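Q: Quick one: the structure is below, and I'll ask about it shortly.
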6 protein chains.
Amino acid sequence: MKITVCRKAHFNAAHKLYNKNWSKEKNTATFGKCSNDNFHGHNYELIVKLYGEIDKETGMVFDLAKLKGIIKSEVEDLLDHKNLNIDIPYFNDKIPTTENLSIFIWEKLRKAIDIDCKISVILYETPRNFVEYTA
Amino acid sequence: MKITVCRKAHFNAAHKLYNKNWSKEKNTATFGKCSNDNFHGHNYELIVKLYGEIDKETGMVFDLAKLKGIIKSEVEDLLDHKNLNIDIPYFNDKIPTTENLSIFIWEKLRKAIDIDCKISVILYETPRNFVEYTA
Amino acid sequence: MKITVCRKAHFNAAHKLYNKNWSKEKNTATFGKCSNDNFHGHNYELIVKLYGEIDKETGMVFDLAKLKGIIKSEVEDLLDHKNLNIDIPYFNDKIPTTENLSIFIWEKLRKAIDIDCKISVILYETPRNFVEYTA
Amino acid sequence: MKITVCRKAHFNAAHKLYNKNWSKEKNTATFGKCSNDNFHGHNYELIVKLYGEIDKETGMVFDLAKLKGIIKSEVEDLLDHKNLNIDIPYFNDKIPTTENLSIFIWEKLRKAIDIDCKISVILYETPRNFVEYTA
Amino acid sequence: MKITVCRKAHFNAAHKLYNKNWSKEKNTATFGKCSNDNFHGHNYELIVKLYGEIDKETGMVFDLAKLKGIIKSEVEDLLDHKNLNIDIPYFNDKIPTTENLSIFIWEKLRKAIDIDCKISVILYETPRNFVEYTA
Amino acid sequence: MKITVCRKAHFNAAHKLYNKNWSKEKNTATFGKCSNDNFHGHNYELIVKLYGEIDKETGMVFDLAKLKGIIKSEVEDLLDHKNLNIDIPYFNDKIPTTENLSIFIWEKLRKAIDIDCKISVILYETPRNFVEYTA
């Protein structure tokens with residue numbers, strides 16, 4: 001019997017959206033004030049979902065306390081109170097949009113979660129803008 | 001690589017649920033106090049989701065600032081501070097349930113969003129009653 | 001020993017802001033789209049606070065289940081799914097702004113709550129616009 | 001035309017996570033403080049979703065006021081202010097994890113909802129831990 | 001220059017409302033289903049507010065990371081995943097209403113916070129029932 | 001008759017907490033990861049409250065649509081998508097703590113709101129950390 005278990009987490013970070021191969025004008029035309037030179041920042045809210053089989057002895061798909069710990073060590077400790085453009089090498093040549101950041105987080109979690117399950121990442125950049133990624 | 005980008009919006013409107021082909025008694029039996037003569041109203045919360053391909057140069061599926069603008073011009077400017085039964089011709093012969101209102105909004109957005117993507121509309125009539133439509 | 005006990009409730013209603021002694025132009029200039037002819041509506045969120053003495057035997061200021069019942073009979077049953085301008089005589093000659101509606105609710109509750117306490121009413125017209133009244 | 005209609009509800013209950021076939025040590029190692037002897041408790045938030053056909057005459061999939069009543073009689077009246085381990089026979093030999101509780105609720109609702117539809121149950125144990133079950 | 005700094009926290013616990021000096025009938029008449037024998041429980045949300053002077057060198061009234069630590073050690077570690085009636089000696093002869101629990105928490109914090117400030121405790125038993133205590 | 005009218009707004013910005021007169025070690029000891037070199041950021045939620053007299057003709061203390069406009073021009077346009085340390089001269093010699101930022105916003109609003117009223121600013125740096133300033 002399959003079911004989805006979900007855990008919320010959060011971190012905050014600075015970033016800007018800027019394509020280094022473009023002129024400042026094209027960046028402003030594309031990304032607006034999100035491309036401002038000196039960065040801005042967000043309180044990111046993260047939801048991680050695991051879709052898998054319920055273990056009969058524990059009645060759980062995956063211990064959510066353990067998932068909380070994995071999210072902390074793999075995501076929060078890495079990204080919290082950081083500048084995504086400067087501090088995270090992955091974004092040297094990728095723009096830290098919510099889309100790309102979701103996939104970065106998904107990849108980190110996929111390596112750390114060792115059960116057979118489908119993983120979804122939902123990432124709120126603001127309470128009004130968010131992204132969902134499942135694979 | 002496909003992902004879902006999401007944007008929240010809101011508007012408020014008056015409406016009543018009333019089938020013109022029915023007696024007042026049958027309307028009350030079916031719709032309860034939602035069929036009261038003089039209308040009532042809601043703060044509608046709207047979530048629009050686009051599932052599509054990430055553009056490699058921008059790192060985005062669709063610019064959420066642009067989506068915000070489309071939702072404003074296609075939905076909020078039309079419905080905000082209006083009476084759905086009286087001011088919106090579409091509801092001359094359709095009951096403005098959350099179901100029908102979701103489909104109305106989906107159709108407006110489908111015409112205005114010019115990329116290849118699947119569109120979902122989630123519409124909260126109250127914090128406890130809501131509808132999801134995807135196509 | 002004095003403390004404040006609080007209870008949330010909600011109702012939805014239609015209204016418009018319109019001063020009958022003014023021209024339509026002056027109403028539009030003052031109230032904008034809130035003065036639209038055919039009404040609009042809101043999901044009102046209501047918080048009622050009672051500041052009073054803790055009873056030593058019950059450990060409570062006022063039974064919140066009883067307060068829930070009073071809010072239902074005095075406020076929700078009266079206002080829910082109604083048109084404030086048409087269905088509520090109090091607003092025959094008062095504009096149903098959130099300010100005036102808060103005072104109307106406060107007066108209803110003050111008559112029904114029979115203990116020595118200070119009453120506050122917090123009324124959300126939308127998640128972003130609200131009013132607080134204490135007396 | 002198919003669409004999903006959703007209703008939120010809530011109840012609160014005490015429970016502990018404890019496998020009777022295990023030693024106290026193994027229970028603590030597996031469930032941590034959730035296995036504390038004297039129980040703890042939660043405000044459960046429940047979302048019920050029905051995916052089905054819109055009725056042309058009512059414009060609704062299922063009357064949400066009726067769904068509210070079913071959730072009350074089938075779920076809230078049974079579980080609210082109860083001890084899941086002691087008061088609910090279903091959990092005599094099942095651990096009341098959020099996963100198992102979701103399936104228990106789904107089964108109760110499936111018997112009571114008499115239309116052709118797919119039912120989802122989303123159950124929040126805390127604002128940060130939740131489960132989704134669809135069948 | 002004085003200002004208020006605030007920190008949210010949470011814990012969950014089981015309890016029942018029961019006056020040992022009363023008959024079961026009087027307890028049921030007073031506390032309703034909150035007096036059920038086998039306990040029920042809540043996710044308590046706690047807000048702690050300190051009103052004091054801004055330090056000129058740090059620009060802060062009190063380090064909120066330090067306040068987070070004090071709330072954890074003084075409140076969460078003590079109450080989280082516990083049965084208030086059984087596990088907390090303070091409630092041997094006091095009923096664990098939200099009022100009494102707020103005052104218990106306020107007293108714990110008052111001893112641990114060593115600056116000159118006014119302390120407020122806001123405690124949500126459910127999203128709809130809460131208490132505010134200031135001294 | 002006096003009452004409080006309230007309006008929510010939001011903006012996001014980058015900042016770091018760093019006292020230029022201190023060593024890096026003392027900054028880290030005082031501000032922890034909030035002092036990280038390359039900035040981090042937040043979605044700030046702002047509530048502005050005006051306590052004043054209800055105008056008899058309009059039934060309002062202050063037009064909340066006008067207040068929305070003042071908050072936009074005085075606060076959001078200035079701070080949104082900015083780096084508080086670099087882009088806002090006021091923070092050249094003040095640390096952009098939530099306390100100092102609240103007072104900065106209060107001063108901006110006090111100059112722009114031309115009625116006799118008491119103004120409160122509530123500023124959320126994160127959903128768990130916030131500040132209230134009234135004068």
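The values are calculated or read from the model by the stated rules, or taken from the named source; none is laboratory data. Everything quoted here is computed from the prediction, not taken from an experiment. Note that we place each Cβ from the backbone using ideal geometry, even for glycine, and neighbour counts take in every protein chain shown. Just the protein is used for accessible areas: all its heavy atoms, side chains included, with ligands, DNA and RNA removed. Shrake-Rupley method; radii C 1.70, N 1.55, O 1.52, S 1.80 Å.
Q: Only one residue in A:Gly52, A:Gly69 is in contact with a Cys (Cβ under 7 Å, 6 or more places away or on another chain) and small (Gly, Ala, Ser). Which one?
A: Details: A:Gly69 fails: in contact with a Cys (Cβ under 7 Å, 6 or more places away or on another chain).
That would be A:Gly52, the only listed residue that is in contact with a Cys (Cβ under 7 Å, 6 or more places away or on another chain) and small (Gly, Ala, Ser).
Q: I've got another one for you. Inside the stretch D:57-66, can you point out the residues that are crowded, with 16+ Cβ neighbours inside 10 Å and not in a helix (DSSP H, G or I)?
A: Residues satisfying the conditions are D:Thr58, D:Gly59, D:Met60, D:Val61, D:Phe62, D:Asp63.
Q: Same structure again: I'd like the residue in the stretch F:1-41 that is among the hydroxyl-bearing types (Ser, Thr, Tyr) and in a loop (DSSP other than H, G, I, E, B) and, out of all such residues, is farthest from the other protein chains (Cβ to nearest Cβ).
A: At the first step, the residues of the stretch F:1-41 found to be among the hydroxyl-bearing types (Ser, Thr, Tyr) are F:4, F:18, F:23, F:28, F:30, F:35.
Filter again for in a loop (DSSP other than H, G, I, E, B), leaving F:18, F:23.
Values: F:Tyr18: 10, F:Ser23: 13 Å.
Once the filter is applied, the top-ranked residue is F:Ser23.
Q: Which of the residues spanning the stretch E:30-80 are over 25 Å from D:Cys34 (Cα atoms), free of Cβ contacts under 8 Å to residues at least 24 places away in the same chain and under 21 Å from the mean Cα position of the chain (by Cα)?
A: Just the residues of the stretch E:30-80 that are over 25 Å from D:Cys34 (Cα atoms), to begin with: E:30-32, E:48-67.
Filter again for free of Cβ contacts under 8 Å to residues at least 24 places away in the same chain, leaving E:30-32, E:55-59, E:63, E:65-66.
Residues satisfying the conditions are E:Phe31, E:Asp63, E:Ala65, E:Lys66.
Q: Another question, then. Only one of (1) away from chain F (no Cβ under 14 Å); (2) within 27 Å of F:His40 (Cβ to Cβ); (3) open to solvent by 50 Å² or more (accessible area, probe 1.4 Å) is not met by A:Gly69, so which one is it?
A: A:Gly69 satisfies all of (1) away from chain F (no Cβ under 14 Å); (2) within 27 Å of F:His40 (Cβ to Cβ); (3) open to solvent by 50 Å² or more (accessible area, probe 1.4 Å) except (3).
Q: Could I ask something else about it? Say whether the condition of being modelled with pLDDT of 95 or more and within 19 Å of the chain's Cα centre (by Cα) is met by at least one residue in the stretch C:19-28.
A: No; the residues of the stretch C:19-28 include none that is modelled with pLDDT of 95 or more and within 19 Å of the chain's Cα centre (by Cα).
Q: Let me ask you something else. Where residues in the stretch F:72-83 are touching a helix residue (DSSP H, G or I) at 6+ places or on another chain (Cβ under 6 Å) and assigned to a helix (DSSP H, G or I), which of them is farthest from the other protein chains (Cβ to nearest Cβ)? I'd like the intermediate steps shown before the answer.
A: Let us first name the residues in the stretch F:72-83 that are touching a helix residue (DSSP H, G or I) at 6+ places or on another chain (Cβ under 6 Å), namely F:74-75, F:81.
Applying the additional criterion that residues be assigned to a helix (DSSP H, G or I) yields F:74-75.
Values: F:Glu74: 17, F:Val75: 14 Å.
Filtering the stretch F:72-83 for residues that are touching a helix residue (DSSP H, G or I) at 6+ places or on another chain (Cβ under 6 Å) and assigned to a helix (DSSP H, G or I), the one farthest from the other protein chains (Cβ to nearest Cβ) comes out as F:Glu74.
Q: A follow-up question, please. How many residues are at the interface with chain E (Cβ under 9 Å from one of its Cβ atoms) and basic (Lys, Arg) when one looks only at the stretch F:110-135?
A: Going through the stretch F:110-135 one residue at a time, the tally reaches 1.
Q: Return the residues of the stretch C:1-47 that are under 16 Å from F:Leu64 (Cα atoms) and out of contact with any Phe, Trp or Tyr (no Cβ under 8 Å at 6 or more places or on another chain); say none if nothing qualifies.
A: Result: C:Thr28, C:Ala29, C:Gly32, C:Lys33, C:Cys34, C:His42.
Q: Which residues, counting only those in the stretch F:84-95, are within 14 Å of the chain's Cα centre (by Cα) and within 14 Å of chain A (Cβ to nearest Cβ)?
A: Matches in the stretch F:84-95: F:Leu84, F:Ile88, F:Phe91.
Q: Another question about this same structure. Please give the number of the condition B:Ala135 fails out of (1) without any contact (Cβ under 8 Å) to a residue 24 or more places away in the chain; (2) open to solvent by 30 Å² or more (accessible area, probe 1.4 Å); (3) of a type in the set (Gly, Ala, Ser).
A: Going through the list (1) without any contact (Cβ under 8 Å) to a residue 24 or more places away in the chain; (2) open to solvent by 30 Å² or more (accessible area, probe 1.4 Å); (3) of a type in the set (Gly, Ala, Ser), B:Ala135 breaks only (1).
Q: Any idea which residue in the stretch E:101-119 is nearest to C:Glu45 (Cα to Cα), counting only those that are open to solvent by less than 20 Å² (accessible area, probe 1.4 Å) and outside any loop (DSSP other than H, G, I, E, B)?
A: As a first pass, look at the stretch E:101-119 and keep what is open to solvent by less than 20 Å² (accessible area, probe 1.4 Å): E:101-105, E:109, E:113, E:117, E:119.
Those left that are additionally outside any loop (DSSP other than H, G, I, E, B): E:101-105, E:109, E:119.
Values: E:Leu101: 26, E:Ser102: 24, E:Ile103: 28, E:Phe104: 30, E:Ile105: 28, E:Leu109: 32, E:Ile119: 28 Å.
Ranking the candidates gives E:Ser102 first.
Q: Test each condition in (1) facing chain E (nearest Cβ under 10 Å); (2) over 27 Å from B:Leu17 (Cβ atoms) for D:Ile103 and report the one that comes out false.
A: (1)
Q: Might you let me know whether the stretch E:33-50 holds any residue that is β-branched (Val, Ile, Thr), buried (at least 21 other Cβ atoms within 10 Å of the Cβ), modelled with pLDDT of 95 or more and under 30 Å from F:Asn100 (Cα atoms)? Let's see the steps before the verdict.
A: Step one: list which residues in the stretch E:33-50 are β-branched (Val, Ile, Thr), which gives E:47-48.
Keeping just the survivors that are buried (at least 21 other Cβ atoms within 10 Å of the Cβ) gives E:48.
After this cut, where a residue has to be modelled with pLDDT of 95 or more as well, the list is E:48.
Right, trim to under 30 Å from F:Asn100 (Cα atoms) and you get E:48.
Yes, that holds for at least one residue.
Q: Let me ask another. Given the structure, is E:Ile86 more than 30 Å from F:His15 (Cα to Cα), among the aliphatic types (A, V, I, L, M) and either at pLDDT below 95 or open to solvent by 70 Å² or more (accessible area, probe 1.4 Å) (or both)? First the steps, then the outcome.
A: Details: more than 30 Å from F:His15 (Cα to Cα): yes; among the aliphatic types (A, V, I, L, M): yes; either at pLDDT below 95 or open to solvent by 70 Å² or more (accessible area, probe 1.4 Å) (or both): yes.
Criteria met by E:Ile86.
Q: Working only within the stretch C:42-88, note down all residues that are in contact with a His (Cβ under 7 Å, 6 or more places away or on another chain) and of a type in the set (Asp, Glu).
A: If the condition is that a residue be in contact with a His (Cβ under 7 Å, 6 or more places away or on another chain) and of a type in the set (Asp, Glu), then C:Glu45 is the only one that fits.
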